[in-house]
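Since the structure comes first, as structure tokens, the remarks are kept for the end.
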Amino acid sequence: MISLPLLGIVALGFAAAALGGVAFGSLSYVLSLMQSTVFAIELLHSLLAGALLGVLAESLTKVVPLQLVIFLYSLASSVLVAELSRRRVPQDVAISLLSSLSAVLSVTSAWYLAYITPVGYSRAMAVVWGIALLVHPNDLAYLTLVALLTVVSILTFNLELKYVSFDPDLAYVSGLNTRAYYYLVYTLVALTLSATVKIYGVVVAGVLIATPSVISVYLLRSYRVGTAIAFSTMISLAGYSISYLTGAQVSLCMGVISLALLTTGTLIRWLDGRRPNS
């Protein structure tokens, strides 16, 4: 018989999985629309530095929350790449600079965490893999607010974001503040990462940002935000369920599910393309 406290923990986990799927599905849609998925994945790799800095700040100050440091680091990284790109620096060069800086910060923070506290390395690894099976109510409340803000913002400015994505020059001439819309997306990405990385970890965040847009846009050829949200939520809930039942890492379960979906979809598209025209 399952105890009531255990049921509460499981319910919190499923709620976090659903809300994370909604938030990441919305972001996956808009990032693929703006052709920024590669940048987002590179930002996730750099996010490890922000997460480790957050753990270090929490350990040293006991006041500064992990989520705040992650949000500020993610937003600063996005702004850095965006501003360098606006100044004619190739985006791949800007991303390489960010990755190099983040690598140095990650190694330094991880080493210092392991040096100052015996549990420092464990807390650092929890950021990588996530702790979706142990969700705190405060983390869930923050994730709920961020998920609602992300979905409402994207649905409200959906037409403007499409306009800016497909023809930014014409959108600018038409009077739209294209820079503001890009920074809106970057802010939403930073908020979502800060709300989810403690629960999901860096690995799962990458899966849920990239996979839904690939399935929706490139396999189903659907440019609807609802499709991306549906696939992201399905992957998230299924991964959490399998992880809870088997004890495997959530990131492993979601990765296997995503790989299976992508492989199946690619195979169907390939077989469909080989059929002779009637």
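The values are calculated or read from the model by the stated rules, or taken from the named source; none is laboratory data. What you see is a predicted model; the values in this text were computed from it and never measured. Here the Cβ positions follow ideal geometry from the backbone for every residue, glycine too, while neighbour counts run over all protein chains shown.
Yes or no: region 60-83 includes at least one residue that is of a type outside the set (V, I, T), closer than 14 Å to L191 by Cα and assigned to a loop (DSSP other than H, G, I, E, B). Lay out the reasoning, then the answer.
Going through region 60-83, the residues of a type outside the set (V, I, T) turn out to be 60, 62, 65-68, 71-78, 80, 82-83.
Now drop any that are not closer than 14 Å to L191 by Cα, which leaves 65-68, 71-78.
In the following step, the residues that additionally are assigned to a loop (DSSP other than H, G, I, E, B) were identified as 65.
Scanning region 60-83 turns up at least one residue that is of a type outside the set (V, I, T), closer than 14 Å to L191 by Cα and assigned to a loop (DSSP other than H, G, I, E, B).
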> Restricting the first residue to region 154-183 and requiring it to be without any contact (Cβ under 8 Å) to a residue 24 or more places away in the chain, which pairs with a second residue that is surrounded by fewer than 17 Cβ atoms within 10 Å (Cβ to Cβ) and of a type in the set (G, A, S) meet a Cβ separation below 8 Å and a spacing of at least six or different chains?
Replying inline: Y163/S174
> What number of residues within region 245-267 satisfy the criterion of being touching a residue at least 40 places away in the same chain (Cβ under 8 Å) and surrounded by 18 or more Cβ atoms within 10 Å (Cβ to Cβ)?
Replying inline: 7
> With A147, A103, A124 as the choices, which residue is modelled with pLDDT of 80 or more and buried (at least 18 other Cβ atoms within 10 Å of the Cβ)?
Replying inline: A147
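Among the residues of region 215-226, are any among the small types (G, A, S), closer than 15 Å to A18 by Cα and either in a helix (DSSP H, G or I) or in contact with a Ser or Thr (Cβ under 9 Å, 6 or more places away or on another chain) (or both)?
yes
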>> Anything in region 241-251 that is part of a helix (DSSP H, G or I) and either within 16 Å of the chain's Cα centre (by Cα) or of a type in the set (S, T, N, Q) (or both)? List them, or say none.
In response: S241, S243, T246, V250, S251
> What pairs can you find where one residue is in region 220-232 and under 17 Å from A210 (Cβ atoms), the other is surrounded by 15 or more Cβ atoms within 10 Å (Cβ to Cβ) and among the aliphatic types (A, V, I, L, M), and their Cβ atoms are less than 6 Å apart, with a gap of 6+ or different chains?
Replying inline: I229/V22; F231/I215; S232/L208
